[in-house]
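Notes follow the structure.
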Amino acid sequence: MNLQLYAPQVHLFAFHLFRTLESVPGSGVKNPDLLWEQCRGIFEKFHIKEQLELKPPHPEECRYDLIKGNKPNDILLEIKPIITFDQKDLTLDGFVLPIQFYDSYGFGLTIGYPEVQPENLSRIPVADISILEEFNPDYCLLPEEIGSSLGQTLIITAWLSDEQKQAGEQFWRKLADQCIKEFIPKGKRPSFSSQGQLFNSPIFEYENFNYTKNHYHILVCFWTDYASFKKFEDFYYEPIIELLYYRNKIIAEFRNSRYTYKYTRNEYQVIERLTTQTIKKLSPEDTLTEQDLQQLKQQLKKLIVQSVEYNNLLQDLGFRKNSIIIHTANYQTKLQTLRNELQAESESEPDLSFLETFAQKNCLTFQEQIQADFGYFVQGSSLLEKAINSIRGIVAIDQAERDRKREDREKESDRQLQLTICVASAGVTVGGIVASSSGQITEQNPIKWNVIKFHDHPIHPFTVLVFFSIVAGLVAGGIAWLIAWLLTKPCQSKKSHPNNQSSNN
């Protein structure tokens, strides 16, 4: 069976953050208008003459149509892309849907064959599957070229002929695989992920699971009847584009958590190295020198800075997990909206298992992975806290020991000063007393030396006075020093006794 596509179309859904929560539009975000710049580039590739005019983003609205149309209800811009296929110019149909979701821009682009009407089901235009390569000139619709911060989803749709419908799932899968090969160059093609039903038509999912910035997510859907196509068209504006928005937000948060994981792992290794170095420097047997003390203080500063940076990374992991939880809830809310609208049209329960799988499995896996990372890396915070407390404790103990020794030296210095003052006072006092008796010594009443005869003449009274004053002062000072030493000796013995006792124990 020939691989042909009936009325193929390509739908691009790209999303880009244009502001942060605490900033004005464009503040703190690199290239907030990236999507519109890429849109102009796509227009050039497809020779589109229409001009996209946009309104400024709304500061408060959670959802806001950005198209500046001629009518109040205009939400999209119709375009006429031109491609060259089989050496012929082929004019296609399409439209652009610019929209704001909270702090992000959404960009919906549809390019392909004109919309099939119910009366024309027997005359659906057909083309060889190789035409898909022309639907992606210079690969301008791929993630590497768009570069949106929140990622994108591509949907390739086509109708199935009666013969293709009869061929069954195996052929449909082969047809979907060939669509990927024609649309995406070799080496960049994502792997087959899953298949299911979307509005009772077969759909195939292709995705790479490295969750890098150039994340590929491509869906290939084949319409089996007009009702399926009509539901996709009716729900395109809401809630399909919002479902894809929250899906890409969730993947973007998980991708950012992988970057945080990488940085946190590096910081964890730094923490282990710092704590090991710190432990090696701490010797309980040696007294810390002044140099050791300064090194420990520097190490303490490094650890404190490291602790702040590390805790910020842990908080970022927690923030990513909470964001995924919130966006998953929003995704499920939009899914329930779609279910309710489908139930209103039909009494049977709609099959949305293909869309539900992402919320039930992928989102849960993302949360569990981040929680496991957090549980592992939180040990690093504990290591830092212990290292910081250990250094603080050792420095405090050493500082207390130094303060005690300084106080002891100051007390000893004070004691020596008091002793000196006491001895000097005693000497001066006794010397003064001796000197006060000078009135009894005169030339008429000299002191007679019976032991040694120094001179034939008597010693002058002043000389005798000075001599006896000095001798008396020295003797009195010596006695005062001896008494003070005897009084302070028991106190010194008491101070040294506990150390001796502890060493004996």
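Every number in this text was worked out from the coordinates using simple rules, so none of it is lab data. Just so you know, these numbers come straight off a predicted model, no measurement behind them. For neighbour counting, all protein chains shown are included, and Cβ atoms are generated from backbone atoms with ideal geometry for every residue, glycine included.
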Multiply the residue separation of Thr337 and Leu364 by 0.36 nm, subtract the distance between their alpha-carbon atoms, and state the gained length in nm to one decimal.
7.6 nm
Pop the C-beta distance of Ile421 and Val475 into the FRET formula with R0 = 22 Å and round what comes out to the nearest 0.05.
0.80
Which order do the peptides 205-218, 117-130 come out in when sorted by mean C-beta neighbours inside 10 angstrom, highest first?
205-218, 117-130
Can you spot the aspartates and glutamates whose alpha carbon is less than 15 Å from Lys301's alpha carbon? Ignore those fewer than 8 places along the same chain.
Asp292, Glu309, Glu385
R0 of 22 Å, Cβ-Cβ distance Asn322-Arg265: FRET efficiency to nearest 0.05
0.55
So, in Å, what gap is there between the alpha-carbon centers of segment 307-345 and segment 1-20?
25
Per-residue HN-Hα couplings for segment 342-349, Karplus 6.51 cos²θ - 1.76 cosθ + 1.60 at θ = phi - 60°, whole Hz, x for Gly and Pro?
5, 5, 5, 8, 9, 6, 7, 6
In Hz, Karplus ³J(HN,Hα) per residue of segment 136-146 (6.51, -1.76, 1.60; θ = phi - 60°; x = Gly, Pro):
9, x, 6, 6, 6, 9, 7, x, 4, 7, 6
Specify, per residue and in Å³, the volume enclosed by the convex hull of the alpha carbon atoms belonging to segment 274-378.
87
Taking K and R as +1 and D and E as -1, what net charge do the other residues with C-beta under 13 Å from the C-beta of Cys363 add up to?
+2
Cβ-Cβ cut-off under 14 Å around Ser413, Lys and Arg +1, Asp and Glu -1: the net charge is 0
Strictly over 21 Å apart at the Cα level, which of Lys302/Lys386; Lys231/Lys361; Lys55/Lys249; Lys230/Lys334 would you flag in this model?
Lys231/Lys361; Lys55/Lys249
According to the Cα gyration tensor, what semi-axes, each the square root of 5 times an eigenvalue, does the equivalent ellipsoid of segment 37-76 have, listed from largest to smallest in whole Å?
23, 13, 7
Could you give the length gained on full extension between Val126 and Ala344, defined as 0.36 nm per residue of separation minus the Cα-Cα distance, in nm?
75.1 nm
At Lys49 and Glu309, where each label point lies 7 Å from the Cα along Cα→Cβ, what is the point-to-point distance in nanometres?
5.8
Could you give the radius of gyration (one decimal) and Dmax (whole number) of the Cα atoms in segment 4-234, in Å?
18.1, 57
Stretched fully, the stretch from Asp351 through Lys181 gains (0.36 nm per residue minus C-alpha distance, one decimal, in nm) 58.3 nm
Return the long-range amide H neighbours of Leu90 (sequence gap of 5 or more, or a different chain), with a cut-off of under 5 Å between placed amide H atoms.
Ile83, Thr84, Phe85
I'd like the Karplus ³J(HN,Hα) series for segment 293-301: coefficients 6.51, -1.76, 1.60, θ = phi - 60°, whole numbers in Hz, and an x wherever there's a Gly or Pro.
5, 5, 5, 5, 5, 5, 5, 5, 4
Arg402 paired with Gln195, simple spin-label distance in nm, labels 7 Å along Cα-to-beta-carbon:
7.6
